[in-house]
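Shown next, in structure tokens, is the structure this report addresses.
The values are calculated or read from the model by the stated rules, or taken from the named source; none is laboratory data. Everything numeric here is computed off the predicted structure, so don't read it as measured data. Here Cβ is always computed from backbone atoms with ideal geometry, including for glycine, and neighbour counts include all displayed protein chains. Side chains are part of the model used for accessible areas, which takes the heavy atoms of the whole protein and leaves out ligands, DNA and RNA. Shrake-Rupley method; radii C 1.70, N 1.55, O 1.52, S 1.80 Å.
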Amino acid sequence: MSATPSSSAPTSPAASSYRVRPARPADVRAIRDLVQPYADERILLAKEWVGYYEAVQEFVVAEAEDGTLIGCGALHVMWQDLAEIRTLAAARAWRGRGVGHALLEALTERARDLGLRRLFCLTFEVDFFAAHGWGTIDGAAVPPEVYAELLRSHDDGVAEFLDLARVKPNTLGNTRMIVDLD
């Protein structure tokens, strides 16, 4: 997959220096290394090793020409029409070079392929997501019957989506955002 998932040809010199592809178990250590500096700053939530391995099929990675992983992101299905963009990170040296955009586009395309209609994220990068058409969530984003079902989930991302008090210490300062894919 190219750095511009909707096209097979890169659109800029920066885009030609990396590609986006599905993650593999062998990528987990590099994914964790990408996420850890952001987790140390409480920008992203760190996972246990086993969590990364269990979720590796949800991830896409950006890989530089030399094989170094320079970005990652995951798509986690939450409901019939809803998924969360998780763990979207670019190596600091690669920020501002379209890596985040390429990863978000790849994850959005994957969501469309799955027939999903909405994507959620919890982020400090409000301007980045807003530039991609995302808006903030005001109130409940799902009907009451779906909310009741989602309450049964043990996943912290679902709790963050529902804005439950038990996850508030981990989400202080973050913004809940959503986009319709229709």
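Do we find a residue being assigned to a helix (DSSP H, G or I) and surrounded by 23 or more Cβ atoms within 10 Å (Cβ to Cβ) anywhere in the stretch 77-89?
Keep residues of the stretch 77-89 that are assigned to a helix (DSSP H, G or I), which gives none.
No, that holds for no residue.
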Q) Name the residues in the stretch 123-147 that are of a type in the set (A, V, I, L, M, F, W, C), open to solvent by 40 Å² or more (accessible area, probe 1.4 Å) and modelled with pLDDT of 80 or more, would you? A) 124, 126, 128, 130, 131
**Q.** Verdict on residue 148 being aliphatic (A, V, I, L, M) and over 28 Å from residue 64 (Cβ atoms)
**A.** yes
(Q) Can you pull out every residue in the stretch 32-68 that is among the hydrophobic types (A, V, I, L, M, F, W, C) and either assigned to a helix (DSSP H, G or I) or in contact with an Asp or Glu (Cβ under 6 Å, 6 or more places away or on another chain) (or both)? (A) 34, 35, 39, 49, 50, 56, 61
Q) Cβ-Cβ below 8 Å, separation at least six or inter-chain, first residue in the stretch 149-164 and closer than 15 Å to residue 83 by Cα and open to solvent by less than 10 Å² (accessible area, probe 1.4 Å), second at pLDDT 70 or above and in a loop (DSSP other than H, G, I, E, B): which pairs? A) 150/142; 159/153; 161/141
**Q.** residue 120 vs. criteria open to solvent by less than 70 Å² (accessible area, probe 1.4 Å) and of a type in the set (Phe, Trp, Tyr)
**A.** yes
Q | Output for the stretch 44-62, where each listed residue is among the β-branched types (Val, Ile, Thr) and open to solvent by 30 Å² or more (accessible area, probe 1.4 Å) | A | 50
Q: Being at pLDDT 95 or above and over 18 Å from the mean Cα position of the chain (by Cα) is the filter; apply it to the stretch 1-43 and report the residue that is surrounded by the most Cβ atoms within 10 Å (Cβ to Cβ).
A: 18
Q: Provide a single number: the residues in the stretch 65-75 that are of a type outside the set (Asp, Glu) and either surrounded by fewer than 16 Cβ atoms within 10 Å (Cβ to Cβ) or at pLDDT below 95 (or both).
A: 2
